[in-house]
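Visitor: One structure, pasted below without further comment.
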Amino acid sequence: MIASNKTRVVLSLDADVWKEFQDNLAKKGYPRGTASWVIQQHLEHLNTEFEVLGDSQQLDLMFPKK
């Protein structure tokens, strides 16, 4: 069950990278769902960076703006 303040999202990630990340967490004894929590923490960090720094040079190089 998803908590009311959560939303389910679909991300397109390299399957091997995601599997390796999940396997690494499992080998260290972390429970299922830890990978999603880690990704959320990184997204929160990125949101803070965008608020403080503004645009991302790396994103500007990879993706054209509309």
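Visitor: What does the extension gain come out to for residue 48 and residue 66, with contour length at 0.36 nm per residue minus their alpha carbon separation? Please report the intermediate quantities before stating the final value.
Guide: Details: separation 18, 0.36 × 18 = 6.48 nm, distance 2.24 nm.
Length gained, residue 48 through residue 66: 4.2 nm.
Visitor: Another question, then. Only one of the listed values, (1) 3, 12, 16, 20, 20, 15, 10, 3, 0; (2) 4, 17, 21, 18, 13, 10, 7, 5, 3, 1; (3) 3, 12, 8, 9, 9, 8, 9, 7, 8, 6, 6, 5, 4, 2, 2, 1, 0, 0, was derived from the coordinates as P(r) over Cα pairs in 5 Å bins from 0, in percent; which label is it?
Guide: (1)
Visitor: Calculate, for residue 32 and residue 12, the FRET efficiency according to 1/(1 + (r/R0)^6) with r their C-beta to C-beta distance and R0 22 Å; round to the nearest 0.05. Provide the component values of the computation, followed by the final result.
Guide: On the way: r = 21 Å, r/R0 = 0.95.
Computed FRET efficiency for residue 32 and residue 12: 0.55.
Visitor: Determine the alpha carbon to alpha carbon distance for each of 6/28; 6/65; 28/65 and list only those over 32 Å.
Guide: On the way: 6/28 26 Å; 6/65 29 Å; 28/65 40 Å.
Beyond 32 Å between Cα atoms: 28/65.
Visitor: What's the carbon and sulfur percent of the chain's accessible surface, probe 1.4 angstrom, rounded to a whole number?
Guide: On the way: 3790 of 6660 Å².
Using a 1.4 Å probe with all protein chains present, the chain comes out at 57 percent carbon and sulfur.
Visitor: Averaged per residue, what accessible area in Å² does the chain show with a 1.4 Å probe, protein chains only? Before the final figure, lay out the partial values.
Guide: Working: 6660 Å² over 66 residues.
That works out to 101 Å² per residue.
Visitor: Let me ask something else about it. Please list 7, 48 in order of solvent-accessible area, largest first, computed with a 1.4 Å probe with all protein chains present. Could the numbers behind the result be given before it?
Guide: Details: 7 110, 48 75 Å².
These residues rank, largest area first, as 7, 48.
Visitor: Which one, 33, 46, 12, projects farthest toward the positive side of the charge dipole computed for the chain from Cβ point charges (K/R +1, D/E -1)?
Guide: Looking along the dipole axis, the top candidate is 33.
Visitor: Run the dipole for the range 19-59 about the Cα centre, Lys and Arg Cβ at +1, Asp and Glu Cβ at -1, nothing else charged, and hand back the magnitude in debye, nearest 20. Mind dumping the intermediate values first?
Guide: Working: 4 positive and 6 negative charges, 87 e Å.
With Lys and Arg at +1 and Asp and Glu at -1, about 420 debye.
The values are calculated or read from the model by the stated rules, or taken from the named source; none is laboratory data. These numbers were taken from a predicted model, which means no experiment stands behind them. No Cβ is skipped: glycine too gets one built from the backbone with ideal geometry, and neighbour counts run over all protein chains shown. Protein only, heavy atoms only, side chains kept; ligands, DNA and RNA dropped before computing areas. Shrake-Rupley method; radii C 1.70, N 1.55, O 1.52, S 1.80 Å.
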